[in-house]
Each structure stands twice: as structure tokens, then as C-alpha cells.
Amino acid sequence: MTESYWTPETLEEMVSARSKILGPAVWAAATPDPRQLISFAGGLPDIPSLPGEQLLRAARTVIDREQKEALEYGGTYGPAPLRDAIAERSTRIEGVPVTRDNVIIASGSAHAIGMVCETLLDAGDYVMVESPNFPGSMRTIRSFGAHQVAIPMDEHGMRTEVLATELQKLADQGKRAKFIYCIPTHQNPAGCTLSLERRHELLELARKYQTFVLEDDAYGELWFETPPPPSLFALSNADHGIKVSSFSKIIATGLRMGWILGPPALVSRIAALRYDMGSSPFLGRVIAEMIRNGDLDRHIEGLRRTYLRKLERVEDALVRYCADYITYVRPLGGFFLWLQLRPGMSSRDVQMAANERGVIVGQGPQFFADGQATNHLRLAFSYVAMEDIEEGIHRLGEAMAEVAARSAAK
């Protein structure tokens with residue numbers, strides 16, 4: 001038998017520098033567990049809230065009204081009707097003028113972040129990233145060979161005084177950050193929201209050090225009771241704040257549709273580097289119809305009520321079963337609670353003990369850009385069924401009690 005050409009050694013010689021950086025591990029969901037699990041791990045939308053009927057109605061309207069255009073190529077900027085609908089809605093929400101020239105469609109916000117990175121990053125560049133942070137975005141930035149400078153956070157978001165120090169350190173070396181990446185509203189994983197004062201400080205630092213803010217806004221519209229401060233995109237008047245957003249959290253992850261809001265000059269360069277024929281014209285027109293007929297806004301209002309009820313149920317259960325072991329800051333919106341364990345308890349040990357009880361949670365260390373992990377667990381309350389929340393937290397409390405007892409016995 002002839003030996004395969006694609007040996008591990010040959011493959012390593014052939015793959016690109018980006019592939020070498022990331023290695024062979026695939027960024028994908030884990031193999032399904034055959035057990036009946038209660039999962040607080042994934043930042044996924046509530047299943048009963050998925051708007052199937054609204055999508056069907058919008059799809060029928062699109063096929064009846066514009067079948068030809070919906071089923072042809074749509075161009076590298078993405079479907080024009082969706083770009084127009086996003087521009088009109090963003091003008092209303094953001095309070096700054098937005099046109100289709102500010103908008104390019106992507107296959108979700110992860111793709112949008114990748115498009116920005118591909119357009120701007122070279123190996124050796126510097127990117128400021130808040131820490132903790134979303135591992136997928138950090139992985140994308142790292143794949144381009146960029147250096148990530150971790151900026152710590154507190155309950156008010158990124159610590160801008162630390163950011164100022166790090167930006168000045170680069171300036172003293174004759175360098176600058178290509179951009180500052182952050183999730184300022186209902187942050188993943190920490191759940192906190194950057195204060196208005198710090199938003200202004202962040203943009204002022206971006207201007208001073210000749211860079212910009214890449215604002216990841218996947219959860220911004222999912223506030224519970226009080227709207228968040230204006231986006232960095234809006235506060236910068238669509239100049240030093242560039243925003244990526246997604247329909248994954250506000251409609252459905254399976255759509256794989258997101259968008260970038262930015263200055264037309266940068267949007268044009270992003271489009272110029274694109275190699276496909278843009279995102280799905282059919283799905284884009286379906287979403288545009290949901291925007292124009294008001295279904296999207298009505299759906300988001302319902303999601304806010306649903307996620308607030310879920311948060312309240314989680315908090316009630318945490319008081320009963322976990323109060324002796326954790327502290328946290330209540331989020332103003334989004335999908336996540338960031339639980340800090342009391343001293344002496346290991347987040348890894350709690351995660352493993354919970355897993356043994358059929359409960360899945362996110363372990364803190366994977367969320368830190370510099371490996372300087374604090375002792376946290378990420379609890380995503382959005383996906384777990386309402387009727388499973390109390391039982392899940394009960395089992396998590398048992399896991400914490402077990403770990404605490406082991407720690408005390410040492």
C-alpha cells in the first residue's frame with residue numbers, strides 16, 4: 001500500500017502560518033453527551049421563543065413578492081434590502097445617520113470580526129482586548145499573528161485607566177494598537193455594561209492614540225428594564241467606533257447572519273477583500289421583511305421579558321442553594337451571570353463536580369487573554385428550559401458544597 005502523502009509532517013509543512021498558529025484543534029461544539037444534561041454552558045437563545053411563524057410569514061412574502069431577486073447572487077456587500085433595513089433601523093436606534101454605505105452583511109458576528117481582522121491585521125500588530133473576553137474572538141485575533149494586550153475589567157466594564165497606561169507604553173516604543181476590541185454592553189462572559197463615562201474615555205483614548213474601537217454588540221438590545229448607554233459607534237458619530245452585530249441572539253443562531261456598521265471607506269475595503277458573493281440574499285430579504293413589518297421589534301420586546309424571568313428564577317435558586325459559595329454582579333441584560341467563587345474553591349473542580357451531576361457550566365480560565373484567570377464560572381441562563389433552572393442550580397449547589405468540603409479538609 002502506498003503511503004499517504006498527507007502525513008502529519010507533510011501537512012505541517014503545507015499549511016499556512018495562520019493554520020500553524022491555531023493548530024489542528026477544530027473550533028466547534030463538543031461531541032453531544034448521551035446523558036440528560038442541564039446546560040448553563042452555551043450563550044444560545046431560548047428555544048420556545050424562536051420566531052418560526054414570523055420567519056415563515058416573512059419568507060412567504062419574499063417568495064411571493066421578489067422570488068427572482070431573492071434566489072440570485074446578492075453581491076459582496078450583502079443583500080441591499082437588508083442593508084437598507086439595517087441602516088434605517090440603526091438610524092432610529094443609534095441616533096446618528098446611517099446609510100447602506102455604512103453596512104456590510106456577514107455570516108454572523110464572528111464572521112464580521114474575522115472580516116475586520118483580515119482587512120486590518122498583520123502579524124506582529126497589537127490589539128487591546130478586555131479580559132475576560134469571548135474566546136472565539138480572541139482566537140480569531142490570535143490567528144492573524146497579532147499580540148493581544150489584556151485590559152482588566154471591573155463591574156463597570158473595561159478599566160480605561162489601565163488601557164491608557166498600555167496605550168502609552170506602546171506609544172513610548174513607537175508603536176500603536178490597530179484597534180481596541182470590547183463587548184461594552186452585557187459583556188460575555190462578565191455580564192457587565194461599560195458606563196457612559198468610560199465609553200467617552202475609551203473613545204477619547206482611541207482618538208488620542210490614533211486607533212479605533214471594534215465594538216462587539218451581540219447582546220446590546222437584550223436589556224431587561226433600562227436601556228444601556230448609547231453605543232460606542234453612536235458616541236463616535238460612526239467614526240472611531242466600528243460595530244459588529246448579529247441576528248443570532250435576537251432571532252436565531254441558525255440564520256448565520258450579522259452585520260458591520262462602519263465608515264464607508266473601511267466598509268468598502270472590507271468588501272474588496274471578500275472572496276464569496278456575499279451572504280444569502282434569500283435570508284437577508286426574509287430578515288429585512290421582519291424588520292419592516294415590525295415583527296423583529298415585537299420579538300425583541302418578548303425576549304427581554306423572557307430573559308428577565310429566567311434571570312430572576314436563577315437568582316432565586318442561587319440564593320437557596322449557592323449563596324454560601326459565590327458572589328456576582330447582577331447584569332442589566334444579556335445571557336450571562338459571572339459567578340465568583342469564594343476563596344479556596346477551584347472553578348475547575350466545581351465544573352467537574354457539576355458535570356458529574358449532569359450540569360454543564362463554563363469554566364473561567366478559558367475567557368482570559370493573558371492566562372491571568374480569576375476564580376469564576378460563567379452561567380448562561382438563556383438556553384436552559386425554565387422548568388430545569390431550579391434543579392440545575394440545586395445540583396450546582398451540591399457540586400459547590402462538595403468542593404468546599406474537600407477544600408476545607410485539606
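The values are calculated or read from the model by the stated rules, or taken from the named source; none is laboratory data. Being a predicted model, the structure only gives us computed values, none of them experimental. Every residue, glycine as well, gets a Cβ built from its backbone with ideal geometry; the counts of neighbours run over all protein chains shown.
For Ser407, the test of being in contact with a Gly (Cβ under 7 Å, 6 or more places away or on another chain) and closer than 18 Å to Pro132 by Cα is failed. Within the range 48-70, residues that are farther than 18 Å from Asp297 by Cβ sit with their Cβ atoms under 6 Å from residues that are surrounded by 15 or more Cβ atoms within 10 Å (Cβ to Cβ) and of a type in the set (Asp, Glu), at 6+ positions apart or across chains, in these pairs: Val62/Glu289.
Of all residues in the range 358-403, exactly one satisfies the criterion of being within 30 Å of His147 (Cα to Cα) and acidic (Asp, Glu), namely Asp370. Just one of the listed residues (Thr31, Thr76, Thr99) is modelled with pLDDT of 95 or more and β-branched (Val, Ile, Thr), and it is Thr99.
Of all positions in the range 168-181, none carries a residue that is among the aromatic types (Phe, Trp, Tyr), surrounded by fewer than 22 Cβ atoms within 10 Å (Cβ to Cβ) and closer than 25 Å to Pro263 by Cα. Within the range 334-348, being surrounded by fewer than 21 Cβ atoms within 10 Å (Cβ to Cβ) and under 26 Å from the mean Cα position of the chain (by Cα) holds for Gln340, Ser346, Arg348. Considering each residue of the range 56-71 in turn, at least one proves to be in contact with a Lys or Arg (Cβ under 9 Å, 6 or more places away or on another chain), charged (D, E, K, R) and surrounded by 13 or more Cβ atoms within 10 Å (Cβ to Cβ).
If you go through the range 170-191 and keep only what is in contact with a Pro (Cβ under 7 Å, 6 or more places away or on another chain) and either within 15 Å of Pro229 (Cβ to Cβ) or part of a helix (DSSP H, G or I) (or both), you end up with Thr185, His186. Scanning the range 383-410 for residues that are buried (at least 23 other Cβ atoms within 10 Å of the Cβ) and not in a helix (DSSP H, G or I) yields a single hit, Val384.
Is it the case that the range 279-297 has a residue that's surrounded by fewer than 21 Cβ atoms within 10 Å (Cβ to Cβ), within 29 Å of Gln340 (Cβ to Cβ), at pLDDT 95 or above and acidic (Asp, Glu)? Checking the range 279-297: not a single residue is surrounded by fewer than 21 Cβ atoms within 10 Å (Cβ to Cβ), within 29 Å of Gln340 (Cβ to Cβ), at pLDDT 95 or above and acidic (Asp, Glu). The residues in the range 149-164 that are within 16 Å of Ala373 (Cβ to Cβ) and either more than 19 Å from the chain's Cα centre (by Cα) or surrounded by 18 or more Cβ atoms within 10 Å (Cβ to Cβ) (or both) can be counted, and the count is 3. Here is a check on your reading of the model: is Ser248 more than 30 Å from Ala59 (Cα to Cα), surrounded by 20 or more Cβ atoms within 10 Å (Cβ to Cβ) and modelled with pLDDT of 95 or more? Spelling it out, it is not the case that Ser248 is more than 30 Å from Ala59 (Cα to Cα), surrounded by 20 or more Cβ atoms within 10 Å (Cβ to Cβ) and modelled with pLDDT of 95 or more. On the stretch given as the range 333-374, residues that are farther than 18 Å from Ala404 by Cα, touching a Phe, Trp or Tyr at 6+ places or on another chain (Cβ under 6 Å) and in a loop (DSSP other than H, G, I, E, B) total 1. Can you confirm whether Asp125 is of a type outside the set (Gly, Ala, Ser), within 30 Å of Phe282 (Cα to Cα), touching a residue at least 40 places away in the same chain (Cβ under 8 Å) and not assigned by TED's automatic domain parsing to the domain that holds Leu377? Considered against the rule, which asks whether it is of a type outside the set (Gly, Ala, Ser), within 30 Å of Phe282 (Cα to Cα), touching a residue at least 40 places away in the same chain (Cβ under 8 Å) and not assigned by TED's automatic domain parsing to the domain that holds Leu377, Asp125 comes out as no.
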